[in-house]
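Written below as structure tokens is the structure these notes are about.
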């Protein structure tokens, strides 16, 4: 998602800026992200998971997202929560959370994890609540909901479909930009 957004010349997208606060506040991080920007940057975006921040009870960022309907929301979901759960288990075990170059650093044995069905059911139910809450809370927000599998191509038959998806994102963002120019924010 970050790569797709950053492929647009008027978008500046960040990763998990609210994952760990490191003694800072969510508000301070927000202000650092949305501070001075080049005039060519029209949109600034970041990635946040339902359970962020991990090391703090600071809910400022979530209150900001839910209460400020000028913030467009791209709600990225996973179709397969079991795959997500296992991916996180493997990442926790191997200490590698993102593989950017496509190389497989570990053999199958290194990535083997035990699946606790009770724990997975708890995670599945909690994730479903988070997804539903996120779908409902920003009722007045400009929101697009899309699955990770649609972006990565797991559901796509060819490159043309990815191009169409990219075009949809760019058109959606262009529409937001035009609307924001005519609406006092």
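The values are calculated or read from the model by the stated rules, or taken from the named source; none is laboratory data. Keep in mind it's a predicted model, so treat the numbers as computed, not measured. A quick note on method: Cβ atoms are made from the backbone with ideal geometry, for glycine too, and the neighbour counts reach across all protein chains shown.
Say whether the condition of being in contact with a helix residue (DSSP H, G or I) (Cβ under 9 Å, 6 or more places away or on another chain) and modelled with pLDDT under 55 is met by at least one residue in segment 148-155. Within segment 148-155, one or more residues are in contact with a helix residue (DSSP H, G or I) (Cβ under 9 Å, 6 or more places away or on another chain) and modelled with pLDDT under 55.
Annotation note: Cβ proximity below 6 Å between a residue of segment 115-136 that is under 22 Å from residue 75 (Cβ atoms) and a residue that is in a helix (DSSP H, G or I) (sequence gap 6+ or interchain) occurs for 123/85; 124/81; 127/81. The selection criterion, being surrounded by fewer than 17 Cβ atoms within 10 Å (Cβ to Cβ) and within 19 Å of residue 129 (Cα to Cα), does not hold for residue 66. Looking across segment 16-38, just one residue is over 16 Å from residue 71 (Cβ atoms), surrounded by fewer than 16 Cβ atoms within 10 Å (Cβ to Cβ) and in contact with a helix residue (DSSP H, G or I) (Cβ under 8 Å, 6 or more places away or on another chain), and that is 25. When 64, 88 are screened for being part of a helix (DSSP H, G or I) and modelled with pLDDT under 85, only 88 passes.
Okay, residues lined up against (1) over 15 Å from the mean Cα position of the chain (by Cα); (2) under 26 Å from residue 136 (Cα atoms); (3) in a loop (DSSP other than H, G, I, E, B):
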{"residue": "12", "(1), (2), (3)": "no, no, no"}
{"residue": "23", "(1), (2), (3)": "yes, no, yes"}
{"residue": "27", "(1), (2), (3)": "yes, yes, no"}
{"residue": "32", "(1), (2), (3)": "yes, no, no"}
{"residue": "35", "(1), (2), (3)": "yes, no, yes"}
{"residue": "44", "(1), (2), (3)": "no, yes, no"}
{"residue": "51", "(1), (2), (3)": "no, yes, yes"}
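Of the numbered criteria (1) at pLDDT 85 or above; (2) closer than 25 Å to residue 148 by Cβ; (3) exposed (fewer than 12 other Cβ atoms within 10 Å of the Cβ), the one residue 3 fails is (1).
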